[in-house]
1. Quick one: what pairs do we get from segment 149-171, first residue among the aromatic types (F, W, Y), second part of a loop (DSSP other than H, G, I, E, B) and at pLDDT 95 or above, C-beta under 8 Å, 6+ apart or different chains?
2. In segment 51-64, which residues are in contact (Cβ under 8 Å) with a residue 24 or more places away in the chain and not polar (S, T, N, Q)?
3. Just to confirm my filter: which helices (runs of 4 or more DSSP H) fall fully inside segment 187-275 and include at least 1 residues that are more than 18 Å from V118 (Cα to Cα)?
4. Of all residues in segment 48-65, count the ones that are more than 11 Å from V118 (Cα to Cα) and either assigned to a loop (DSSP other than H, G, I, E, B) or acidic (D, E) (or both).
5. For segment 187-235, name all the residues that are out of contact with any Gly (no Cβ under 7 Å at 6 or more places or on another chain), over 15 Å from D254 (Cα atoms) and among the β-branched types (V, I, T).
6. Can you pull out every residue in segment 130-168 that is crowded, with 24+ Cβ neighbours inside 10 Å, hydrophobic (A, V, I, L, M, F, W, C) and more than 12 Å from Y190 (Cβ to Cβ)?
7. How about segment 96-114: which of its residues are within 27 Å of L270 (Cα to Cα) and free of Cβ contacts under 8 Å to residues at least 60 places away in the same chain?
8. Report the residue count in segment 66-104 for those that are outside any loop (DSSP other than H, G, I, E, B) and in contact with a Gly (Cβ under 6 Å, 6 or more places away or on another chain).
Amino acid sequence: MPWFIKPKERKRPEREDIWNRCPTCKAHVFKEDWHNNLNVCPRCNYHGKLTAYERIGLTLDSGTFREINETITPSDPLDFVDGKGRYRDKVEQTRAKTGLNESVVTGTGKIDGRPVVVAVMDFRFLGGSLGSGTGEKILLAANHAYDRRMPYIVFSASGGARMHEGILSLMQMAKTCAGVARLDERKVPYISVLTDPTTGGVSASYAMVGDVNIAEPGALIGFAGRRVIENTIKQKLPDNFQTAEYLLEHGFIDCIVDRKKMKITLGRILSFYNR
């Protein structure tokens, strides 16, 4: 018998990761503490992403949310295929993973007892991209607010227009802007809340045309990326370029509101409108 027998490697038991690492300050925070703090870093105030339903739960009065147009799904007019596969397959995989049919959830609810219509984007669904289904849901929600004279609030979180649908995705920019612009005919308030990130065709359309434009702290807000702009203008951009703080300083948004104070702030804004 050999005098040496290599012992079998023991498989280490899987341990549940109990930490979240803040992408900004690199601090390790207990997941439970991270969740209890609304996905906000307790050390540097970095505002992490929320799912659409998490944000709805934080914003609307408990038990008041009623979803509308939930059956609308993406279309594939180009039968799009790239190096990573078919677009329609990506959509089905994303639907199965997230439980969503599109990158936005729309519905009605109440804030401090005041009826509102909301549209909340979810970055997990193909980067919160603006596709034909997304634009349709945002427009129909705007029409719902128009017909019932209810304030309309949109929470944006998006990388921009969905390239898989070509020109049809770009058409949603004009379509959604037309929908929210019509609200002015009946003096229906439109409040836009920009979260991290709000970029591309979304920032260039309905996200920046609110009667009141609010942003979360540190949110990335812009159209083209930093490298594209620097390479185009051959200049170095400020370190805080395209942040919520930079946009507030230059007059592009009205205020920056911490997540914990968002519902209170929205309630105060709505209180100024007579119904």
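1. Listed by first residue and then by second, the contacts come to Y152/V188; Y152/P189.
2. Going residue by residue through segment 51-64, those that are in contact (Cβ under 8 Å) with a residue 24 or more places away in the chain are 51-53, 55-56, 58-61, 64.
Matches in segment 51-64: A52, Y53, R55, I56, L58, L60, D61.
3. Values: elements: 200-203, 226-233, 244-249, 262-271.
Here the list reads 200-203, 226-233, 244-249.
4. Of the residues in segment 48-65, 9 are more than 11 Å from V118 (Cα to Cα) and either assigned to a loop (DSSP other than H, G, I, E, B) or acidic (D, E) (or both).
5. Correct list: V188, T198, V228, I229, T232, I233.
6. Selection gives L130, F155, A157, A161.
7. Taking segment 96-114 as the starting set, the residues that turn out to be within 27 Å of L270 (Cα to Cα) are 103-114.
Once the filter is applied, which keeps residues that are within 27 Å of L270 (Cα to Cα) and free of Cβ contacts under 8 Å to residues at least 60 places away in the same chain, segment 96-114 yields S103, V104, V105, T106, G107, T108, G109, K110, G113.
8. If we filter segment 66-104 for residues that are outside any loop (DSSP other than H, G, I, E, B), which is where we start, we get 66-67, 81-82, 85-98, 104.
Still in the running and in contact with a Gly (Cβ under 6 Å, 6 or more places away or on another chain): 66-67.
Of the residues in that region, 2 qualify.
The values are calculated or read from the model by the stated rules, or taken from the named source; none is laboratory data. Predicted model, so just to flag it, every value in this text is computed and none were measured. In this analysis, Cβ positions are derived from the backbone assuming ideal geometry, glycine residues included, and neighbour counts consider all displayed protein chains.
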